[in-house]
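Asks: What follows is a single structure, and I will ask about it in a moment.
The values are calculated or read from the model by the stated rules, or taken from the named source; none is laboratory data. Given the structure is predicted, the values throughout are model-derived calculations rather than measurements. Glycine also receives a Cβ, built like all others from the backbone with ideal geometry; neighbour counts cover every protein chain displayed.
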């Protein structure tokens, strides 16, 4: 996909980093369905659409935020799930082998070797997505995922907010707008990334996306110490 991947979509770096295949999901932009979310621990319950109105009504009638009570209520509506044979979760060993490396260059190199040796279409598809993406965004994304593995949720959100503003500021690159232009505006699907290659991306460029915001932008400060009392 043609986009500047700042990894703030859907789950964020905190949840992505908890996955065995976090780097794969973040760098390629692939998504997990509901069944896969439950199977890998990112979700606790899975329910068919027909049951959703009943869930809404049951939870809406609860007069407590006791997690055990909520858990019991949800359990009445949960369905057993098993990823189908096409699920990416069946590729975990191969994903780990390819995406556990320190740099994007090493990840791509391993994927290329794996594609030659295994003839696995999954390798070819993953390579295609990596090579279409903004080189700068790939390196920023990988660093963010790795940092997120050692940070609490609120720090991950603050970092992603900082990354998003630095991304849209165009101080280092216009890749975000270029990705939007190529995919959504002109729809030529031919973005001109700046820098154009992984080799042209410097450490300073990547680090700038994690730098403190200017005096004109406020950092994201979440009131994590505050919590509404139980009813």
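Asks: Somewhere in the stretch 214-228, is a residue at negative phi, surrounded by fewer than 11 Cβ atoms within 10 Å (Cβ to Cβ) and part of a helix (DSSP H, G or I)?
Replies: No.
Asks: Please list, ordered by first then second residue, the pairs with beta carbon atoms under 8 Å, 6 or more apart or interchain, first in the stretch 99-110 and touching a residue at least 24 places away in the same chain (Cβ under 8 Å), second surrounded by 13 or more Cβ atoms within 10 Å (Cβ to Cβ) and part of a loop (DSSP other than H, G, I, E, B).
Replies: Cβ pairs passing all conditions: 99/21; 107/101.
Asks: Something else now. Scan 127, 138, 184, 142 and give me the residue that is assigned to a helix (DSSP H, G or I), free of Cβ contacts under 8 Å to residues at least 24 places away in the same chain and closer than 23 Å to residue 88 by Cβ.
Replies: 127
Asks: Same structure, new question: Of these, 206, 172, 185, which one is modelled with pLDDT of 95 or more and in contact with a helix residue (DSSP H, G or I) (Cβ under 6 Å, 6 or more places away or on another chain)?
Replies: 206
Asks: Looking only at residues that are in contact (Cβ under 8 Å) with a residue 12 or more places away in the chain and touching a helix residue (DSSP H, G or I) at 6+ places or on another chain (Cβ under 7 Å) in the stretch 33-43, which one is farthest from residue 80 (Cα to Cα)?
Replies: Filtering first and then ranking leaves 42.
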